[in-house]
Structure formats: structure tokens, C-alpha cells
Amino acid sequence: MRKSLVAGNWKMNGNKSSINSLMDGLVNGLNSNVEAMGSVDVLVCPPAVYLQQVADKVSTSSIKVGVQNVSEYESGAYTGELSLAMLADFNCDYVIVGHSERRSLFGETDAQVAEKCQAALEAGVIPVLCVGETLEQRDSGQALAVVEAQIDAVLKCCGIASFSKLVVAYEPVWAIGTGRTATPEQAQEVHGAIRAVLAAADAEVSASVRILYGGSVNAVNAAELFSQPDIDGGLVGGASLKVDDFLAICSAAAAA
Ligand code: PEP
């Protein structure tokens, strides 16, 4: 039985004041509904400069905290990067790895993403490994092959056992921030294919790994997406910045 996870990726949004309001709203909303929300894990991933502020806010709740990226290197001359050792100072539980914006805007390769997963796992931080195809790749019938290659890079680098510790997020690039969501059937097809690739290596690990859907998840479409057999929650961008919407998505995951 996989416990649902709803993760908010705030991207490069927010400031001290808006983050205070957002966190107060989330902590109060979740704490006032503890019983119903017990069946979902909730994660927020703020910009890293606000980690301490968010860590302080979650101390009275079960909300987990993560970051949106991390270096694969331990330390040294990597201007602008953050290390896993630094994250350890902030009780950071998760790190998003290989988000499509990191891959397309910052040139992260499948191999580099796999190295980041490896480094995070070694440090005891849970990677949320993002995979997904572009619209062009989907339209040319390559969606499953692209996603399987992205999964395969991590399998080769980290081994199948690593998938019992990490979380996968399927995020079709064409659905991220566009308002265009994959249909539940389209999402389920890819989630099922990811699980099949993992099952070929280890059926038990495959059955236990949480696979989130991401791409314009909102308060209205969440329940139908989360009702699919291989969708175990969501990675949420825009809607994670709005208290009511994010809480509604968490409720949909808890009820799924
Ligand atoms: C994301 O950033 O991972 C994401 C899915 O964004 P959005 O929900 O805004 O499409």
C-alpha cells in the first residue's frame, strides 16, 4: 500500500511575507483536519533562501520540507550551487531532481540527474526524480521511450534498490505551467509504463515506489488524476502557491 504524497514546487516565487501567510494557511488547514489528512504526506519546496523560515513554520505540523535542486558535488568551486551537507543543517527531507526546467533551461543531462539522485540518496535526502517528454516527443510517438530512458539512466547509475527510497514524478513538459493537463488515461499509461520498467528489475520495489503526476494539477482535476491506479499523488507548481487550492489537492490525495 503506497501512501500518497503531494509536493508543492514553489519555483522562484514568494517573499518573506507571502511565505509566512502561505505556511500559516497550510499548517492551520492541515492541523485542523489531521484525521482526514493522515493518509497523505505533504511536502513544500520553497526557494532555498527561505528554508529556515519554512522549517520554523512546519515545526508544529507534519509537513515535510524540500528544495528544488542540489549539486551532485560535495563542496568546492561551484559558484551558486548548494550542497547536500548544507541541506542537512536545515532538516531538509527531500530534493526535486531533474525538473524539466532544470533540464531545458540549465542543461541538466540524464547522467547528471542520475548523479544528483545518487548523491542525495547517499546523504539520506529523498530525491523526487522528475521525468517527462516534450510535446514534440509525444506527437512523434516517443513519450514512453523518452521517459523510460530517463528512468534507465537512474537505474544504471543508482540501481533498482534506490527506487525503494526515492519518489518518481512524471511531468509531461507540455503540461507544466500551461494549464493543459494530461488526461488521467494519458498519465496512467506513462505511470504504468514506468512501473513496468521497474518491475522488470524488481517487482517488489516497483510495487512500492511512489509515482506522482505533475503538470497543471489543480483543485478541480486532482481527484480524477489521483484515482488512477498508478498515480500516487502530485507534484504541484502554480496551485501550490494558493492555500485553498493546495489544501484541496491534499484532500483529494487523502481521499484517493
Ligand atoms: C511543476 O513545476 O513541477 C509543475 C507541475 O507546475 P504546474 O503545476 O504549475 O504545471
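The values are calculated or read from the model by the stated rules, or taken from the named source; none is laboratory data. Note that the coordinates shown come from a computational prediction; the quantities given were computed from them, not determined experimentally. No Cβ is skipped: glycine too gets one built from the backbone with ideal geometry, and neighbour counts run over all protein chains shown.
A few comments on the model shown:
- In the stretch 159-175 there is no residue matching the filter, namely being surrounded by fewer than 19 Cβ atoms within 10 Å (Cβ to Cβ) and under 17 Å from Ser100 (Cβ atoms).
- Residues considered: Asp41, Asp24. Of these, the only one that is in contact with a helix residue (DSSP H, G or I) (Cβ under 8 Å, 6 or more places away or on another chain) and more than 16 Å from the ligand (Cβ to nearest atom) is Asp24.
- The residue that is modelled with the lowest pLDDT, counting only those in the stretch 80-103 that are small (Gly, Ala, Ser) and more than 17 Å from the chain's Cα centre (by Cα), is Ala88.
- Flag if Gly238 is crowded, with 18+ Cβ neighbours inside 10 Å, among the small types (Gly, Ala, Ser) and within 30 Å of Lys156 (Cα to Cα): no
- Only one of the numbered conditions (1) under 22 Å from Cys250 (Cβ atoms); (2) of a type outside the set (Asp, Glu); (3) within 16 Å of the ligand (Cβ to nearest atom) is violated by Val173, and that is (1).
- Verdict on Gly215 being within 11 Å of the ligand (Cβ to nearest atom), among the small types (Gly, Ala, Ser) and under 23 Å from Ala143 (Cβ atoms): yes
- Selection within the stretch 23-53 - more than 22 Å from Phe226 (Cβ to Cβ) and either in contact (Cβ under 8 Å) with a residue 60 or more places away in the chain or aromatic (Phe, Trp, Tyr) (or both): Tyr50
- Residues of the stretch 46-62 that turn out to be more than 15 Å from Ala88 (Cα to Cα) and either under 14 Å from the mean Cα position of the chain (by Cα) or among the small types (Gly, Ala, Ser) (or both), as a count: 4
- Residue in the stretch 225-235 that is out of contact with any strand residue (DSSP E or B) (no Cβ under 6 Å at 6 or more places or on another chain), farther than 21 Å from Phe163 by Cα and part of a helix (DSSP H, G or I) present: no
- Glu204 passes every criterion in (1) away from the ligand (no atom under 15 Å from the Cβ); (2) under 14 Å from the mean Cα position of the chain (by Cα); (3) charged (D, E, K, R) apart from (2).
Okay, residues lined up against (1) surrounded by fewer than 24 Cβ atoms within 10 Å (Cβ to Cβ); (2) under 19 Å from Leu30 (Cα atoms):
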{"site": "Ala207", "(1), (2)": "yes, no"}
{"site": "Ile211", "(1), (2)": "no, no"}
{"site": "Gly215", "(1), (2)": "no, no"}
{"site": "Asn221", "(1), (2)": "yes, no"}
{"site": "Leu225", "(1), (2)": "no, no"}
{"site": "Ala248", "(1), (2)": "yes, yes"}
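- Set Val95, Val154, Val146, Val125: member being within 16 Å of the ligand (Cβ to nearest atom) and not acidic (Asp, Glu): Val95
- Selected residue (only one of Ala7, Ala55, Ala36 is assigned to a helix (DSSP H, G or I) and touching a strand residue (DSSP E or B) at 6+ places or on another chain (Cβ under 7 Å)): Ala55
- The condition of being within 30 Å of Val205 (Cα to Cα), in a loop (DSSP other than H, G, I, E, B) and polar (S, T, N, Q) holds for only one of Ser71, Ser75, that being Ser71.
- Just one of the listed residues (Val205, Val128) is assigned to a helix (DSSP H, G or I) and modelled with pLDDT of 95 or more, and it is Val205.
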